[in-house]
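Remarks on the structure that follows.
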Amino acid sequence: MSLLELKNICYQPQQQLIIDHINLDVKESDFLTISGPSGGGKSTLLRLIASLATPTSGDIIFNGKKQNEYLYTEYRQLVSYCFQQPTLFGDTVRDNLDFPYLIREKNPDQQTMLQHLEMVDLPQDYLDKPITQLSGGERQRVALIRNILFLPKILLLDEVTVGLDEQNKAIIQQLIAHIHQKQVTILQVTHDEAEIQAAEKIIWIKGGKLDHEPIRQ
């Protein structure tokens, strides 16, 4: 059974057709890489799957149920989206890592937070570090672990390594591989040639359509 199905998805805000009749079938535990030219619709497709935008037509079916039949908060906990430019809030790293617990009405688990900081090579005292003092790579690491303190069913990654140095890129790629080993289904958008070459499965989007080049498996 498919975990995620896109059935004849179109997205056409203000008469501009950005996603053009895309059909896609994603199985549980898949790791799907999405690439193609800039402006081709890759990030828009991810935003539609994340319920950050609504298709003009077609259906997105997650776990056997239409996307619009889920409560918004429930869906966002099951299908988690990581932005290219990480958005942190509050004053400290702790404020951001408390958030997944608070929206689930759970007490924050500091030990689990510290374990996740260690996974991305950040020291324990970073828990109370002001977010204004974080580098770009550190911000992305914090944003990513905020998304996985409670593992989603699907993790959507929108060029999360773009602009990072090789050290930060390697740390994040290692964490993504670790998440996938936990049976989390991953869809990543990337232009990074090394990530494309290492992809388990890859699709190409051009001009809002799936390109004719077949999925590589």
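Note on region 44-189: Lys pairs 8 or more places apart or on different chains, Cα atoms under 24 Å apart, count 10. Legend: ranking of residues Met119, Met113, Met1 from fewest to most surrounding C-beta atoms inside 10 Å; resulting order Met1, Met119, Met113.
Of the beta bridges in the chain, as assigned by DSSP with both residues counted there, near 50 percent are antiparallel. Within the same chain, lysines fewer than 8 places from Lys206 are excluded, and of the rest, those with a Cα less than 25 Å from its Cα are Lys7, Lys27, Lys42.
On a 0 to 90 degree scale, rounded to 10, what angle separates helix 166-181 from the longest Cα axis of the chain? Its long axis makes an angle of about 70 degrees.
Across region 33-55, the residues whose backbone nitrogen lies under 11 Å from the label position 7 Å along the beta-carbon direction of Lys206 are 36-37.
Read-outs throughout are calculated quantities, based only on the coordinates presented, and are distinct from any laboratory measurement. Everything numeric here is computed off the predicted structure, so don't read it as measured data. Note that we place each Cβ from the backbone using ideal geometry, even for glycine, and neighbour counts take in every protein chain shown.
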